[in-house]
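Trainee: Pasting in a structure now, in C-alpha cells, and then I'll have a few things to ask.
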Amino acid sequence: KSQDNEPMEISTSIEKSKMLPSKPKSGMFGCCGRKDKVVPYQEMYISPKVFSLSINCLRFAVFVDAIAGTIEQPNYPIMVLPRGSPGSHPDSFPDTGGLGFSAATYFVPMSALLGVAIASLVIGILSDKWGRKPCLMLCLYGTVIGCILKFLFRFAFWPYCAFNFLNGLVSAS
C-alpha cells in the first residue's frame, strides 16, 4: 500500500515498454530486422549525386526538345514553299507530295504532335514499370537520333514527316 503523499504506480509492463526507447532496428530503413536494399527510385532521394545527375539529365532533355522545336517551328512555311517559287529557299522541299502550301505548313508540325499524343498514352505506364530515368534517357536519345534523321531527310517531304512523327513518339517525356 502507498501512503497518501506518494503517488501510486499504476503503469503496467506493457505501458513501460512503450515509454522506453526501443533498440534500433537493423537494415537500411530499419524495418523488420532485415537489411533492405535500396530500389532505384529511392536512390534519388538518398544520394545527392544521383539527384544532381537526374536533374541535369532532365534539364538537358528539356533543352534538346526546346531547341529542336524552336529552330524548326518558324521555318516550316519556308520549308514547304516549293523550290523555284518566288521567295523559296534552296533547302526547301522540291514538292509537298500533293498537299498545298497551307496544308503542308500544318501537316509538318501535326505529324510530330500526333506522335507525342500517341506516346503520351504509353510513356506514363512505361515509366511506372521501368522507372522515370530509363524512359527519360530513351526519349532523350530518341529525340537526338530523330533530329539527325530529320536533318538527313530534309529534302524530301514525306520521309521528313515520317521521321518527324517518329521523333514525336520519343518526345513525350
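Trainee: Would you pick out the residues in the stretch 60-94 that are aromatic (Phe, Trp, Tyr) and either on the phi > 0 side of the Ramachandran plot or open to solvent by less than 90 Å² (accessible area, probe 1.4 Å) (or both)? Spell out how you get there, then give the answer.
Mentor: Going residue by residue through the stretch 60-94, those that are aromatic (Phe, Trp, Tyr) are 60, 63, 76, 93.
Those that are aromatic (Phe, Trp, Tyr) and either on the phi > 0 side of the Ramachandran plot or open to solvent by less than 90 Å² (accessible area, probe 1.4 Å) (or both): Tyr76, Phe93.
Trainee: How do the pairs read when you match residues in the stretch 71-93 that are touching a residue at least 40 places away in the same chain (Cβ under 8 Å) and part of a loop (DSSP other than H, G, I, E, B) with residues anywhere that are open to solvent by 80 Å² or more (accessible area, probe 1.4 Å) and of a type in the set (D, E, K, R), using Cβ under 6 Å and keeping only pairs 6 or more apart or on different chains?
Mentor: none
Trainee: Sticking with this one: Touching a residue at least 12 places away in the same chain (Cβ under 8 Å), touching a Leu at 6+ places or on another chain (Cβ under 7 Å) and assigned to a helix (DSSP H, G or I): which single residue out of Ala112, Ala104, Ala61 fits that description?
Mentor: Being touching a residue at least 12 places away in the same chain (Cβ under 8 Å), touching a Leu at 6+ places or on another chain (Cβ under 7 Å) and assigned to a helix (DSSP H, G or I) holds for just one of Ala112, Ala104, Ala61, which is Ala61.
Trainee: What are the residues in the stretch 95-111 that are modelled with pLDDT of 85 or more and on the phi > 0 side of the Ramachandran plot, if any?
Mentor: The answer is Gly98, and nothing else.
Trainee: Right, next: Are any residues in the stretch 116-166 within 30 Å of Gly84 (Cβ to Cβ) and assigned to a loop (DSSP other than H, G, I, E, B), and if so, which ones?
Mentor: Initially, the stretch 116-166 is screened for residues within 30 Å of Gly84 (Cβ to Cβ), giving 146-166.
Correct list: Phe153, Arg154, Phe155, Ala156.
Trainee: With the structure loaded, tell me whether Phe107 is more than 20 Å from the chain's Cα centre (by Cα), under 22 Å from Leu81 (Cβ atoms), of a type outside the set (Val, Ile, Thr) and surrounded by fewer than 16 Cβ atoms within 10 Å (Cβ to Cβ) or whether it fails that test.
Mentor: Criteria not met by Phe107.
Trainee: To continue, here is another question. If you go through the stretch 117-158, how many residues are open to solvent by less than 70 Å² (accessible area, probe 1.4 Å), under 29 Å from His89 (Cα atoms) and of a type in the set (A, V, I, L, M)?
Mentor: The number of residues fulfilling the criteria is 3.
The values are calculated or read from the model by the stated rules, or taken from the named source; none is laboratory data. Note that the structure is a prediction, hence the values are computed from the model and not measured. Cβ coordinates were reconstructed from backbone atoms using ideal geometry, including for glycine residues, and neighbour counts include every protein chain displayed. Keep in mind that these areas ignore ligands, DNA and RNA; they rest on the heavy atoms of the full protein, side chains included. Shrake-Rupley method; radii C 1.70, N 1.55, O 1.52, S 1.80 Å.
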